[in-house]
Amino acid sequence: MGCFGCFGPRARGGAGDLKPSRLVNHCTDDSSVVDARRKVAPDVGNGCAHSFNFKDLLVATGYFNQANFIGEGGFGKVYKGKISRTSAQGVSDAQMVAVKQLGRESVQGSTEFLVEVLMLTMLSHPNLVSLVGFCAQGDERLLVYEYMPFGSLERHLFDVPVGKQPLDWNTRVKIAVGVAEGLSYLHNVADPPIIYRDMKAANILLDVDFSPKLSDFGLAKVGPVGDRTHVSTRVMGTYGYCAPDYVVSGKLTMKSDIYSFGVLLLELITGRRIYDASRPKPERDLLTWASPFLLDKRKFQRLADPALQGAYPASALNQLIVISIMCLQDQPRVRPIVADVAVGLKHVASQPYVSSERPQQASLGSPAQSGSPQFARTPSRRRGGRRVAQYTS
């Protein structure tokens, strides 16, 4: 295992999109690679990614055993694995990792592989997934990340199976705050700033305490600097998440990420996918379905995920919906900056839901058993539960 000191972002994954994940063709966006070579936040970057032999990763994943299969996306398949390491002092330990294998037929994936490795080594934040290393041996292209035991937000938010506890209100707000802080790091701390460009529930990974981490940086772009107001690029991203101004003009800005984040907030609020072909036609597109409710504050509560069973503070719900509306403005100049969004979300988080009834024992793998706030039965929606002054996770 070697060490490569100038590598860093993440390639696309994320299974479960119900429409084509790209809005346009899959042509290689070479400027992404050029952008990624620029210096990015050297004062805080991890600066080192291990270069694995393909044999190392074969052994780590049990020769890509189906029992270790985690998921599959546009980039390729992802497997759980265990890497053995020996320190300079001769102490051995093992680290759980997620190994993403690029499909050999993926031309776009090859570019995203390079962009991801180039960026993630230079970026470091609690709400960004960490790159452990990579493999570029022969035709093989693999990325090795820290293992996130709770998988993606998509897995916990949508189509929750019977018997599994849905995400409670406080956990959803905690996830929103963490995602905003990760995005704020990319926009305001990284130098030059980074446009994430691939915000979606499938790309938000969750730790054991439901702390979120942004993943899949293969589409990330270095943002405009100096007098530049935007980056001109091919329109790429996931259906429904891309800002309308970006889709029409190809001009990518920080505000493009804000729009995508607004979509994610609406998904957290409603428990609905941005597009769901399994629903009746009028309800398949989330933004179309939600529009009448977003325009009338008296109808805000109709947006709340029924799985919450009314277990949320009514005013905090209203505030979260207003933040989502601000992010979803058609005109980018009207959308807030991410720093202001983060402040607003922290204010929402300061008003957690606290059930007035004794919590029931949660099922295995529920947020309650993982340290996140939890509720049991729900008071009436009109009551909304009492509030306390501080948010606890």
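Derivation of every value follows stated rules applied to the coordinates shown; laboratory data play no part. Everything numeric in this text was worked out from a predicted model, so none of it was measured. Neighbour counts run over all protein chains shown; Cβ positions are idealised from the backbone, glycine included.
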Ser278-Gln66 FRET efficiency (beta carbon distance; Förster radius 22 Å; 0.05 resolution): 0.25
Charge-dipole axis of the range 153-370 as Lys and Arg at +1 and Asp and Glu at -1 on Cβ define it, positive-most pick from Pro280, Pro166, Leu206: Pro280
Extension gain from Asp209 to Asp93, taking 0.36 nm per residue of separation minus the Cα-Cα distance: 39.4 nm
Using the number of other C-beta atoms within 10 angstrom as an exposure proxy, rank Asp209, Asp285 with the fewest first. Asp209, Asp285
Over the range 153-370: Rg over Rh, Cα atoms, Kirkwood Rh: 0.96
Fewest to most neighbouring Cβ within 10 Å: what's the order for Thr171, Thr253, Thr288? Thr288, Thr253, Thr171
Expressed in nanometres to one decimal, the distance between label points 7 Å along Cα→Cβ at Arg298 and Val343 is 3.3 nm
How large is Rg/Rh for the range 197-317, to two decimals, with Cα atoms and a Kirkwood Rh? 1.01
Pairwise centroid distance, computed over Cα atoms, of the range 245-266 with the range 289-315, Å: 23 Å
Run the numbers for Lys164 and Gln309: contour at 0.36 nm per residue of separation, minus the present Cα-Cα distance, in nm. 50.7 nm
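Are any of the pairs Lys221/Lys255; Lys100/Lys221; Lys82/Lys174; Lys100/Lys200; Lys255/Lys299 more than 23 Å apart by Cα-Cα distance, and if so, which? Walk me through the numbers before you get to the answer.
Details: Lys221/Lys255 13 Å; Lys100/Lys221 21 Å; Lys82/Lys174 29 Å; Lys100/Lys200 18 Å; Lys255/Lys299 27 Å.
Beyond 23 Å between Cα atoms: Lys82/Lys174; Lys255/Lys299.
Quick one: net charge of Leu345's neighbours, Cβ under 12 Å, K/R +1, D/E -1?
+1
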For Phe293, Phe134, what ranking results if the residue with the fewest other Cβ atoms within 10 Å of its Cβ goes first? Phe293, Phe134
Quick P(r) readout (the range 121-160; Cα-Cα; 5 Å bins; whole %) gives 6, 17, 19, 18, 16, 14, 7, 2, 0
A correct Stokes-Einstein calculation for the range 295-356, using the alpha-carbon Kirkwood radius, 10 °C and 1.306 mPa s, returns a whole-number D in µm² s⁻¹ of 124 µm²/s
With charges only on Cβ, +1 for K and R and -1 for D and E, what is the dipole size of the range 175-323 about its Cα centre, in debye, rounded to 20? 520 debye
